[in-house]
Amino acid sequence: VTRLQPGLLLLAGLSGAFLASAPLAHAADPVTAEALFLQGRKDADAGLYVLACAEFEESNHLDPTPGALLNLADCEEKRGQIARAWQHFRQLYDELPSSDERRPLAESRALVLEQRTPKLRVVLSSGPPATVKRDDTVLGLASLGASQPVDPGRHVVVVSSPGRRDQRYDVELAEGQGKDLPVAAGEPLASAETP
């Protein structure tokens, strides 16, 4: 079984998933991508999802194919990274032609994961201009106040503003949970603390 063969691939716990029949983008290193894909399948079958996901991701980076993306999405779901899995199933659905028999699978998996994916809405209160990061990702103005899909588990939001202490917020989200998180800049630094 290879990433490029047409046909049926039974993922662990998932029947009806199909391998790639054509690449989605120009190949950069198909030989290495194939080796990583095959190792990823072995590691996924052994329940080593951290390794398998990394191998599928690198395989898809080196030579993007629907099979690599499908396996990556399935692997991420098994690791509990359901927001990432949802995004990859949506990407697969969007990129496959309407005649591809894998498209309904990608759509149905994405719809199920969408319901399970926690949503976090970070709302910055008025105050001094600030930079807001969620798990080291800077949230732009369009993201603030919008409900964002995140993986279940712990997330850290940090608000930084010149002349003020960083304000940190820890939030835990369960599957399917939605949460609004009001945030604000921290207290002003004392004059002795100002650089």
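General observations
- Test: residue in segment 116-129 that is touching a helix residue (DSSP H, G or I) at 6+ places or on another chain (Cβ under 8 Å) and either acidic (D, E) or open to solvent by less than 50 Å² (accessible area, probe 1.4 Å) (or both): yes
- Near pairs, Cβ below 6 angstrom, 6+ apart or cross-chain, from segment 92-118 (over 19 Å from A68 (Cβ atoms)) to any residue that is small (G, A, S): R116/G176; T117/A83
To keep it simple, each residue is scored yes or no on (1) under 17 Å from Q87 (Cα atoms); (2) open to solvent by less than 70 Å² (accessible area, probe 1.4 Å); (3) small (G, A, S); (4) more than 16 Å from the chain's Cα centre (by Cα).
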{"residue": "V132", "(1), (2), (3), (4)": "no, yes, no, yes"}
{"residue": "L144", "(1), (2), (3), (4)": "no, yes, no, yes"}
{"residue": "P149", "(1), (2), (3), (4)": "yes, yes, no, no"}
{"residue": "V157", "(1), (2), (3), (4)": "no, yes, no, yes"}
{"residue": "R165", "(1), (2), (3), (4)": "no, no, no, yes"}
{"residue": "K179", "(1), (2), (3), (4)": "no, no, no, yes"}
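- Candidates E95, E58, E107, E101 - the one that is at pLDDT below 95, open to solvent by 10 Å² or more (accessible area, probe 1.4 Å) and on the phi < 0 side of the Ramachandran plot: E101
- Whether a residue is out of contact with any strand residue (DSSP E or B) (no Cβ under 7 Å at 6 or more places or on another chain) and part of a loop (DSSP other than H, G, I, E, B) was assessed, and S98 passes this test.
The values are calculated or read from the model by the stated rules, or taken from the named source; none is laboratory data. Everything quoted here is computed from the prediction, not taken from an experiment. Don't worry about glycine lacking a Cβ; one is built from the backbone with ideal geometry, like all the others, and counts go over all protein chains shown. Quick note on the areas: whole protein, heavy atoms, side chains included, nothing else; ligands and nucleic acids left out. Shrake-Rupley method; radii C 1.70, N 1.55, O 1.52, S 1.80 Å.
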